[in-house]
1. Sort Ile111, Ile127, Ile46, Ile41 so the one with the fewest other Cβ atoms within 10 Å of its own Cβ comes first.
2. What does the charge count around Gln44 come to, taking other residues whose C-beta lies under 12 Å from its C-beta (Lys +1, Arg +1, Asp -1, Glu -1)?
3. Using a cut-off of 30 Å between alpha-carbon atoms, which lysines can reach Lys136, once sequence neighbours fewer than 8 places away in the same chain are excluded?
4. For His75, His135, what's the fewest-to-most ordering of other Cβ within 10 Å of each Cβ?
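Where a number appears in this text, it was derived from the coordinates with a stated rule and is not lab data. For clarity, every value in this text was computed on a predicted model and none was experimentally measured. Don't worry about glycine lacking a Cβ; one is built from the backbone with ideal geometry, like all the others, and counts go over all protein chains shown.
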Amino acid sequence: MKRLILALLLVPMFARSQQAPLSNRWKLLFEDKTENTKTYIDTQTIEFLDFFDVQRNVCLCWLRIYSDFSNGIYHDQNDTHLAIALAAKQFGYKSFTDRKDGNVTKTNTFIVIKWSDIEPETNVELILNYCKNLHK
């Protein structure tokens, strides 16, 4: 039953991904019309590790978030390298880069990852479920 529900949630995400303005490696995960953002996942760099940092069964993935849409283009871009502990349902940031109109405005690589619980019904939970579905 859980797989059926997950499949029903993921199918619309994959259908919308065909409209992505990016190369085929980036798949649209979700769009927030209220915040005017789109979040993509890099399908070519997803890694599954038995052990990472202090966690077991971890998915490493790159996300790309576009925001500040005006005049037909997104002006802000955030690339985030995210670690997700699948069994523990926790996540942490490895690094991120923010861009405004293509220019880097901020970047950071975290030497120590601060793990946080994944709250239900959040975008991070959608990413967790996406990774779990790939890891079967």
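1. On the way: Ile111 5, Ile127 21, Ile46 15, Ile41 25.
Going from sparsest to densest Cβ surroundings: Ile111, Ile46, Ile127, Ile41.
2. After counting each charged neighbour, the total is 0.
3. The qualifying lysines are Lys2, Lys27, Lys38, Lys89, Lys94, Lys114.
4. Numbers: His75 14, His135 11.
Listing His75, His135 from fewest to most nearby Cβ atoms yields His135, His75.
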